[in-house]
Amino acid sequence: MVKLRNTGIRLLRQLNNGKTQCDRGWYGIDCSIPSTQSPLGEWPRWLRPAAAIIRGRNPESQKLENITVIVNKRRPLIYVYDLPPEFNGHLLEGRHFKFDCVNRFYSDRNRTQWTTQLYGSQISLYESILASPHRTMNGEEADYFYVPVLDACLITRADDAPHLRMDDYLSHRSYLALDMYRRAYDHILEHHPYWNRSSGRDHVWMFSWDEGACYAPKEIWNSMMLVHWGNTNSKYNHSTTAYSPDNWDPIPLEKRGNHPCFDPRKDLVIPAWKRPDARVLEEKFWARPRKERKTLFYFNGNLGPAYENGRPESTYSMGIRQKVAEEFGSTPNKEGKLGRQHAADIIVSPIGSPDYLGDLSRSVFCGVFPGDGWSGRMEDSILQGCIPVVIQDGIFLPYENVLNYKSFAVRITEDEIPNLISILRGFNESTIEMMLKNVRSIWQRFIYRDSVMLEAERQKNLFGNVEVWGDEFSKLRDDDVLATLIHVLHYKLHSDPWRLNMQTVKQAFGLPKKCIHRSLCWSGKDSVPIYGVFEVVARFLNLYTQ
């Protein structure tokens, strides 16, 4: 039994397969919610008041019941549901392997071991929101409601966990996950009063698995979905995965409803988790200049059945990786053939590189293609300062509905694959330099810095120091994934049509009126053209206090 006491550091329970009990007087999924018996000095930072009136100086007087506090709150305010453990804690406790579905686990000496699990984004974001100054314990004042259902932990254990009764779900993990989200919705309706005030439009759900919110139950589709797979279904109006247990096509229509996987008007694609790499940070891969990038185009990954150990399904990657390899493959396939247009400065190979991240940082353009749904190649490219080349029609990448991708990425259609390299060779050096500069200006939006720094704080409290990754992350100052999400939520708070049409009491917070629908307030000097969300909020993050 692991016993946690709140120390101002947000730790989710069961991260190391241990059951957890909070210290007396502390509550919540992260043991951070104090009772009236909890001393003010031990409150978590996100809940600490800006001012407190303490009557007397003895320790007993510092209990909440004897204190008048004043708290400054920052919009948007997010209420996090404390759901029953079947939606989170039990899934963490019962995962098959300690590195499944989490961003870290701990050694026998309590040292942090970061995972390479792309789905670790779900835990990272959850912890960051729990520790955020935007979190509120009062649902009545909340602008948004975060629903922490851990679908990544459910799906990773679904195939061989008898109690999950996969036979009841046509042996499809996607159908099982849909049912868990629907049960979470039922729980919210039964135990909380907040859903009906907006028909769920102010609720936020995260779908971390390969095809995102494609399998969301119809009851929650009004809500905002945080996903890694932004398929608008404009071209692929069906499941695109080659892995049959994740196929959502067989889910009954009365369960799923008739909705796309992603709606760019309300949803957001967020980055996948990438393990903190001290070498990348120390050597500043993202800042490597053009003259050190000798490879024109780079992609390293599974290229399908034409290659040894390639995925056998023709539907894998919707056939995109296979088509790129047929044209530009730099490694012989099973027949000993290279791509029809292979060239010395083009690398398209299925053979794993011993210095994959270094190879990316020495390249100008890097391929971003799907796998079984989304892959982590966009993050690989951005974090190593390489210009992403996106090939997946009708499918949004991280922040693509709020950032101007044309300023730092190249998107070509699947039909243009044979012309890929000629298109890239057509960019002049000044354009390339501008795009590389723009990648450097946004790369921190693709890391979970806040989550990493929470862990660094834990390490420092335990051992008096942090490892290299903690030192390097502490030097970063620009907005990360959580900050970017907060920007988007703040903009939506003032701009979503359903909010504008609601008859609510006017609140004294937010942006100057001229900034809400116009870009007059943007005075940044970066060359990245940024769409309305960041034009509006970038210079006014300190104005939304109440």
- Task: All but one of (1) closer than 30 Å to Phe105 by Cα; (2) open to solvent by less than 30 Å² (accessible area, probe 1.4 Å); (3) of a type in the set (D, E, K, R) hold for Arg165, so report the exception by its number.
- Result: (2)
- Could you give every pair whose Cβ atoms fall below 7 Å, whose first residue belongs to the stretch 80-107 and is of a type outside the set (Phe, Trp, Tyr), and whose second residue is modelled with pLDDT under 90 and open to solvent by 50 Å² or more (accessible area, probe 1.4 Å), counting only separations of at least 6 or pairs across chains? Gly89/Arg13; Leu92/Arg13; Glu93/Asn17; Glu93/Lys19; Lys98/Asn16; Lys98/Asn17
- Scanning the stretch 278-321 for residues that are part of a strand (DSSP E or B) and among the hydrophobic types (A, V, I, L, M, F, W, C), the one surrounded by the most Cβ atoms within 10 Å (Cβ to Cβ) turns out to be Phe299
- Inspect all residues belonging to the stretch 61-76 and state whether any of them is open to solvent by less than 30 Å² (accessible area, probe 1.4 Å) and either at pLDDT 90 or above or assigned to a loop (DSSP other than H, G, I, E, B) (or both). yes
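Suppose we filter Leu420, Leu397, Leu403 for residues that are open to solvent by 10 Å² or more (accessible area, probe 1.4 Å) and touching a Phe, Trp or Tyr at 6+ places or on another chain (Cβ under 9 Å); which single one remains? I'd like the intermediate steps shown before the answer.
Numbers: Leu420 fails: open to solvent by 10 Å² or more (accessible area, probe 1.4 Å); Leu403 fails: open to solvent by 10 Å² or more (accessible area, probe 1.4 Å).
None of the other options fit; the residue is Leu397.
Have a look at Leu91, Leu154 and point out the one that is closer than 13 Å to Met206 by Cβ, surrounded by 19 or more Cβ atoms within 10 Å (Cβ to Cβ) and hydrophobic (A, V, I, L, M, F, W, C). Please lay out each step first, then the result.
Numbers: Leu91 fails: closer than 13 Å to Met206 by Cβ.
Criteria check complete, one pass: Leu154.
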- Apart from one, (1) out of contact with any helix residue (DSSP H, G or I) (no Cβ under 6 Å at 6 or more places or on another chain); (2) modelled with pLDDT of 95 or more; (3) more than 26 Å from Ser495 (Cβ to Cβ); (4) of a type outside the set (Val, Ile, Thr) all hold for Pro217; the odd one out is (1)
- Message: Among the residues in the stretch 326-340, are any crowded, with 21+ Cβ neighbours inside 10 Å and in contact (Cβ under 8 Å) with a residue 40 or more places away in the chain?
- Response: yes
- Filtered residue count, the stretch 216-255, keeping only those that are in contact with a His (Cβ under 9 Å, 6 or more places away or on another chain), within 21 Å of Tyr169 (Cβ to Cβ) and either open to solvent by less than 10 Å² (accessible area, probe 1.4 Å) or among the charged types (D, E, K, R) (or both): 5
- What are the residues in the stretch 359-391 that are open to solvent by 10 Å² or more (accessible area, probe 1.4 Å), hydrophobic (A, V, I, L, M, F, W, C) and over 23 Å from Glu211 (Cβ atoms), if any? Leu383
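The values are calculated or read from the model by the stated rules, or taken from the named source; none is laboratory data. Keep in mind that this is a model prediction, so the values were computed, not measured. Ideal geometry is used to build each Cβ from the backbone, glycine not excepted, and the neighbour counts take in all protein chains shown. Just the protein is used for accessible areas: all its heavy atoms, side chains included, with ligands, DNA and RNA removed. Shrake-Rupley method; radii C 1.70, N 1.55, O 1.52, S 1.80 Å.
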